[in-house]
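This report concerns only the one structure given below.
We did not get these values from a lab; they are worked out from the coordinates using the rules stated. These numbers come from a predicted model, not from an experiment. Heads up, the Cβs are rebuilt from the backbone with ideal geometry, glycines too, and the neighbour counts pull from every protein chain shown.
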Amino acid sequence: MKANHIGVFCISILALGTAGCTSPNPYGDSYGTTDTRTIQDVYYGTVIKAEPVTLDSSSQTNLIGTIAGAAIGGILGSKVGGGTGSEIAAIGGGLLGGYAGSEAAAKAGESNGVNLTIKLDDSGKIISIVQAVNPDMIFQDGQQVQVNVDGDTARVVPR
């Protein structure tokens, strides 16, 4: 019966963790409700260089994966043998499960991005902006773009 309570706890942690990992569409063509009714500075420019990068949000999901993996590994390990052997297997299962959960969370937290180096038309200033890759909006060197700036955040869209 005790294992059932622990299993329910682990499933609850996993459900809460995955719900916390959802985020709005990070592409340049998606806006959240907090973006509405805000004034943005608009600049025009030309892409000098577009290079692929990996966006890593694993630091946000890694702890959840580690805890969930350790809990599940500990439960499964405790089913092995009996007495002291069961306790040792539970510890080993917890350690291995924690490691596996951490690695899985790290891979799940990676996505494709693009680092855009842009020369602004009006000032000649060169800036760099990193954003998620949108398969429907692939940037090329020499492409004319619009840069929407709101405070210290920006998004790039084709012109």
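For Asn112 and Ser128, the difference between the fully extended length at 0.36 nm per residue and the C-alpha to C-alpha distance is 4.1 nm.
Model label points for Leu96 and Glu51, set 7 angstrom from Cα along the Cα-to-Cβ axis, are 4.1 nm apart.
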